[in-house]
Amino acid sequence: MTPAETFERELEIFRTEAESATQFLYAYLAIHATAADNRAVFDLLNTAALFWNTNLGALQTATFIVLGRMFDQNSKHNIDRLLGFAQRNAAIFSKAALGIRKQGQSATPLTG
């Protein structure tokens, strides 16, 4: 696997982790905001408070677990390793490398 392919794979792993953390956090915040803004929703959630508190706790925990994977120095795929790989392989950001990425599977090189 070329350095560019390795970086692209690692970047995709990091992107999906960031997306997961964002989804968990915004689901947690949306439930709280909706309940705070609408008394009927608040009352409805309170009819099954244990269920909703369990789910809110799970969303909060999941957010921190993903953030831990993203920033933990012992994690296989963390931000420092991603940036370090990019620094050690700066050539993957050259104009020529960009042309190759843009060309993709096409037999004809793209210009510009």
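Among the residues of the stretch 39-65, just one is among the aliphatic types (A, V, I, L, M) and outside any helix (DSSP H, G or I), namely ALA48. Cβ-Cβ distances below 8 Å connect the following pairs, each with a first residue in the stretch 80-104 that is of a type outside the set (Ser, Thr, Tyr), a second residue that is at pLDDT below 95 and surrounded by fewer than 11 Cβ atoms within 10 Å (Cβ to Cβ), and a separation of six or more residues or different chains: ASP80/GLN73; ALA97/ALA91; GLY99/PRO109; GLY99/THR111; GLN103/PRO109. For the stretch 2-28, filtering for residues that are in a helix (DSSP H, G or I), farther than 18 Å from LEU83 by Cβ and among the hydroxyl-bearing types (Ser, Thr, Tyr) leaves 4. If you scan the stretch 31-49, which residues turn out to be of a type in the set (Val, Ile, Thr) and surrounded by fewer than 12 Cβ atoms within 10 Å (Cβ to Cβ)? Once the filter is applied, which keeps residues that are of a type in the set (Val, Ile, Thr) and surrounded by fewer than 12 Cβ atoms within 10 Å (Cβ to Cβ), the stretch 31-49 yields only THR47.
The values are calculated or read from the model by the stated rules, or taken from the named source; none is laboratory data. What you see is a predicted model, and the numbers here were worked out from it, not measured in a lab. So basically every Cβ, Gly included, is an ideal-geometry build from the backbone, and we count neighbours across all protein chains shown.
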